[in-house]
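What follows is one structure encoded as structure tokens, with my remarks underneath.
Please treat every number below as a calculation from the coordinates, not as lab data. Note that the structure is a prediction, hence the values are computed from the model and not measured. Note that each Cβ is placed from the backbone with ideal geometry, even for glycine, and that neighbours are counted across all protein chains shown.
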Ligand SMILES: [Ca+2]
Ligand SMILES: [Ca+2]
Ligand SMILES: [Ca+2]
């Protein structure tokens, strides 16, 4: 499970299969980590609870800091109706919450439900985050490292089609205040929100704004909030390149309020070569910190579906899916940056098994050590499964970890150049 130093430099840890139950598809993972390397992966699993292969439920598996399973995989919710799109958040002590969409009546009235667990996996209770007659979608959640307070965002109908809504909760699951709308501009569709939170409960939400809000197609917009839930600054546009569509934002924040938004940029010409991953840093006061920059270096074909995680000091890792780069359909690539957006590594291949499509990556950070974990979906024994890499070692950064520079020869490779 540990990276090794070969002739070509450090190689990321081998991948590990996350799902124990392999029949049908296990897809769309989310991952969250505490402050000493324990983490939880949650995903959709089809047909596992005894329904048809088309019925989706949500399962999860905890792991300890060695990357070994802690207990067995468990249903977050398995029922006769669909559960989907899980998202996980964990505080520094390892308490975690998984939010998901649940079809409350079997006819598509999806609502957002939250499930709370203690660090040892003990179930702490569940509750509706939303519960009305308007279908909801795309939940996102972030949790403050020390207090364990959390904020959930989702899509619901606003004055004009979909908009972004949110609610703050205390660590014990009690709502802190009423639901509020995040987006100020309501014309057209606002969707696919992502939230990041610092240790003091300041939080940043980003989303897609459709209908030409950025001047052409879809753009990425964001709003910063203070720890008291009030807006910090106003809603702002994140992308400066507006041609075509900027979609699928992912947000992370450091311990002390450094924010970053990543997204998928595509021209509207249908050319796969124009799909790339971009990032922009955000200040705690809700202003842009520097220019947007491209994350991926290999730009051939499609790069999309980014996920970002940030450690306590603001270093961040972006992972994405890239088409035709690992030799077989899509593969997972990642790259590490410092808090100023300077690259700390080149892009590197995350998945060990390259056959077929590895896609839908999710990343999380260990706040204390700055270690990162990645999870994704890829072919398993039957259909798709969920895989992970821990620790995720960014190659060009890792020449001097594990005491290499201290002269500890046990940390050196046995490879003789
Ligand atoms: Ca499977
Ligand atoms: Ca645009
Ligand atoms: Ca592949």
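Residues of segment 335-378 falling in the label zone of residue 289, defined by backbone nitrogen less than 20 Å from a point 7 Å along Cα to beta-carbon, are 335-345, 363-372.
Taking 7 Å steps out from each Cα toward its Cβ at residue 80 and residue 186 produces label points 3.8 nm apart.
Report, to two decimal places, the Cα Rg of the chain normalised by 2.2 N^0.38 Å (N = number of residues).
After normalising by residue count via 2.2 N^0.38 Å, the value is 0.93.
Relative contact order, whole percent, for the chain stands at 15, derived from Cα pairs under 8 Å and 6 or more residues apart. Measuring nothing but how far apart in sequence close Cα pairs (under 8 Å, 6+ apart) lie, relative to its length, segment 182-233 scores a relative contact order of 30 percent. Overall shape: oblate for segment 38-112, with the ratio a/c of the largest to smallest alpha carbon gyration tensor axis at 1.5 or above and b/c at least equal to a/b.
Placing R0 at 51 angstrom, the Cβ-Cβ distance between residue 127 and residue 269 gives a FRET efficiency of 0.65 after rounding to 0.05. Based on C-alpha pairs under 8 angstrom that are at least 6 apart in sequence, segment 214-364 has a relative contact order of 17 percent.
Taking packing as the residue-averaged number of other Cβ atoms within 10 angstrom, the listed peptides 162-175, 338-351 run from highest to lowest as 162-175, 338-351.
Kindly put 58, 260 in sequence by how many other C-beta atoms sit within 10 Å of each C-beta, fewest to most.
Fewest-to-most ranking of 58, 260: 260, 58.
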